[in-house]
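Structure, as structure tokens:
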Amino acid sequence: MTVIVPVWNDAGGLSQCLRALEGQTYPEHLYEVLVVDNDSEEPVAPIVARHGRAELLREVSPGSYAARNAGLAQARGEVVAFTDADCLPAPDWIEKGVGRLTRGGGRLVVAGKVEVYAPAARPNAVEQFEVLFALAQREFVGRYRFGATANLFAYREAFARVGPFLAEVKSGGDLEWGRRAAGRGYRLEYAEETRVRHPARDSLSQLYSKSVRVAGGLHDLRRIKGRAYLEFDRGLLWELLPPVRTVARTLREPRLSRRRDRVKVCAVLLFVRYVQAFERLRLALPKLWSRHTTAR
């Protein structure tokens, strides 16, 4: 099997990820690790060289999905697994993922748990928000019919049949591929026991960048795929409304022991929601204005 790890300017995270991949319970001779450098400014080659199991590839086309496609093109394993350079796979990650996939037959895709953790002893509101809401893989699978590529297993043959990731999008390429796979008869399962850990973002600037990227990805999907992603237009209208239910649930969240922490996390929730909503609105305005002037 083949593990594909795209990286862009995260040499420190990559080193920890590769160390975790070296310590797997899965037999060493049965898997390879392909690191795809997406034209990083940080030196990635020395990191990969220190980890003899990994092979370094390079993809200059911008975007993590272009990098994953480059890895797919060179993969030799019957099974392919995806994780990210800032993730820490559990020691039995490959063993559990491959086991779940092979028990389910050839038309299965497995999305494992992404455990977001706060490295700090006393996490701030941004980190607490991330732990509660980021990379909710179970919800991705059950509600949106896709698995995040931070923890995804599939047969290489699935990509031969369904096609590679949509490389042009900034974000949401895993969503688009998951729905395309479902349309070809593939079944997606959530695997709680197949785990990677992902550090929580710890600043509003990081959340802002992520929210803008996610909004741009949804906009690109709507632009490229047209009516197939019309639901995102309705989703934009929904996002402009106050998230009353989510705020109410957060104010009762048992994992936040202090009320002031709950209030701060709610403030972060509103920040993220409206940054993303207004970015999507900003991107949609030229098109909406064009329609308005044409109608006149």
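The values are calculated or read from the model by the stated rules, or taken from the named source; none is laboratory data. Remember, it's a predicted structure, so these values are computed and weren't measured experimentally. Note that each Cβ is placed from the backbone with ideal geometry, even for glycine, and that neighbours are counted across all protein chains shown.
In the set Arg156, Arg184, only one residue is touching a residue at least 40 places away in the same chain (Cβ under 8 Å), within 19 Å of Tyr65 (Cβ to Cβ), among the basic types (Lys, Arg) and not assigned by TED's automatic domain parsing to the domain that holds Arg282; that residue is Arg156.
Out of region 81-92, which residues are out of contact with any Phe, Trp or Tyr (no Cβ under 7 Å at 6 or more places or on another chain) and either within 24 Å of Ala182 (Cβ to Cβ) or surrounded by fewer than 17 Cβ atoms within 10 Å (Cβ to Cβ) (or both)? Spell out how you get there, then give the answer.
Of all residues in region 81-92, those out of contact with any Phe, Trp or Tyr (no Cβ under 7 Å at 6 or more places or on another chain) come to 82-92.
Once the filter is applied, which keeps residues that are out of contact with any Phe, Trp or Tyr (no Cβ under 7 Å at 6 or more places or on another chain) and either within 24 Å of Ala182 (Cβ to Cβ) or surrounded by fewer than 17 Cβ atoms within 10 Å (Cβ to Cβ) (or both), region 81-92 yields Phe82, Thr83, Asp84, Pro91, Asp92.
Out of curiosity, is Leu18 in contact with a helix residue (DSSP H, G or I) (Cβ under 9 Å, 6 or more places away or on another chain), under 22 Å from Ala158 (Cβ atoms) and either surrounded by 14 or more Cβ atoms within 10 Å (Cβ to Cβ) or in the same structural domain as Ala182 (by TED's automatic domain parsing) (or both)? Walk me through it before giving the result.
Details: in contact with a helix residue (DSSP H, G or I) (Cβ under 9 Å, 6 or more places away or on another chain): yes; under 22 Å from Ala158 (Cβ atoms): no; either surrounded by 14 or more Cβ atoms within 10 Å (Cβ to Cβ) or in the same structural domain as Ala182 (by TED's automatic domain parsing) (or both): yes.
Spelling it out, it is not the case that Leu18 is in contact with a helix residue (DSSP H, G or I) (Cβ under 9 Å, 6 or more places away or on another chain), under 22 Å from Ala158 (Cβ atoms) and either surrounded by 14 or more Cβ atoms within 10 Å (Cβ to Cβ) or in the same structural domain as Ala182 (by TED's automatic domain parsing) (or both).
Would you be able to tell me the number of residues in region 72-88 that are out of contact with any His (no Cβ under 8 Å at 6 or more places or on another chain) and part of a loop (DSSP other than H, G, I, E, B)? Count: 6. Can you confirm whether region 41-51 contains a residue that is within 24 Å of Tyr155 (Cα to Cα) and touching a residue at least 24 places away in the same chain (Cβ under 8 Å)? Among the residues of region 41-51, not one is within 24 Å of Tyr155 (Cα to Cα) and touching a residue at least 24 places away in the same chain (Cβ under 8 Å), which makes the answer no.
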